[in-house]
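Single-structure report; data block below.
We did not get these values from a lab; they are worked out from the coordinates using the rules stated. Keep in mind that this is a model prediction, so the values were computed, not measured. Because the Cβ atoms are built from the backbone with ideal geometry, glycine has one as well, and the counts that use them run over all protein chains shown.
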Amino acid sequence: MISTRDNILSTSAELFATKGFDAISMRYIASACEIKAPSLYNHFYDKKTLYKETLRFVFEKHAESLIACLQENRPAHENLANFIRVICQRLDEKPIFRQLFMRELLEQDEERYKFLVNVVMADTCRALHDIFLGIDPECDPHFLTTSLIGLVIFHFQINPMRPYLPGGSKRTQSADYLATNILALVSPASGHPSAR
């Protein structure tokens, strides 16, 4: 049976992902969780605390497997390819995970950026940073890490428009198609064979 805390976090994740931080109140969240507002405050001091814990709850569900695929005992370029496939699958299959990430990029709240990067995403970003250095010790791992994140997020952001663009189709929206082609774009820059 799901705990009250996990129920609050799951419900909040869906609400924050679909409506955004500013559009919902603690009272609204309590109602959606079918609990009284004082009960919600017993678990979370305020909306900002609840939001941070919601981000942690959603992102940590995926972080372990993402880090694991980056740290497998394989060549670095194979780990990178596996990471790209896994992150594309997660973003495709988990719309709340995807929407929360995209909302954070749009909100431009420096405090939440710092929390997301320094607390929620820190281990994954460090592992990705190390992979790029393992592929090419002379590279700029910060630039490659941020470029890969931007590339992956952008392609999922534009996916609803893709079928209407020249050459677009349902096939070009699939996570496998995106992962293969994102890897092919990243491959020349990181010095490993193309994914094609």
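A few points about this structure:
- Among 51, 139, 12 - extreme Cα towards positive end, dipole of the chain, charges at beta-carbon: 12
- Residue order for 74, 103, fewest other beta carbons within 10 angstrom first, comes to 74, 103.
- Summing charges over all other residues whose Cβ lies under 13 Å from the Cβ of residue 154, with Lys and Arg as +1 and Asp and Glu as -1, gives +2.
- Prolate/oblate/rounded call for region 63-135, Cα gyration tensor, a/c under 1.5 rounded: oblate
- Within the same chain, aspartates and glutamates fewer than 8 places from residue 170 are excluded, and of the rest, those with a Cα less than 14 Å from its Cα are 92.
- FRET efficiency, 1/(1 + (r/R0)^6) with R0 22 Å, evaluated for residue 153 and residue 114 via beta carbons: 0.75
- Peptide ranges 109-119, 138-148, 52-62 listed from the most packed, as the mean C-beta count within 10 angstrom indicates: 52-62, 138-148, 109-119
- Net charge of Cβ neighbours under 9 Å - reference residue 97; Lys, Arg +1; Asp, Glu -1: +3
- Lysines with Cα under 23 Å of residue 19, excluding same-chain neighbours fewer than 8 positions away: 36, 47, 48, 52, 61, 94, 114
- ³J(HN,Hα), Karplus 6.51/-1.76/1.60, whole Hz, each residue of region 176-187, x for Gly, Pro: 5, 4, 4, 4, 4, 7, 5, 4, 4, 5, 6, 3
- Virtual spin-label span in nm between residue 34 and residue 73, 7 Å along Cα→Cβ: 4.8 nm
- Evaluated at q = 0.19, 0.25, 0.29, 0.30 Å⁻¹: base-10 log I(q)/I(0), Debye formula over Cα of region 126-175: -0.67, -0.82, -0.99, -1.04
- In the chain, helices alone account for a calculated mean residue ellipticity at 222 nm of -23000 deg cm²/dmol, with every DSSP H run of four or more residues adding -39,500 (n - 2.57).
- Order of 26, 1, 161 under a 10 Å beta carbon neighbour criterion, fewest first: 1, 161, 26
- For region 65-87, the residues whose backbone nitrogen is under 16 Å from a point 7 Å from the Cα of residue 126, taken along Cα to Cβ, are 65-72.
- Within the shell of other residues whose beta carbon sits under 15 angstrom from the beta carbon of residue 12, the net charge comes to +2, with Lys and Arg scored +1 and Asp and Glu -1.
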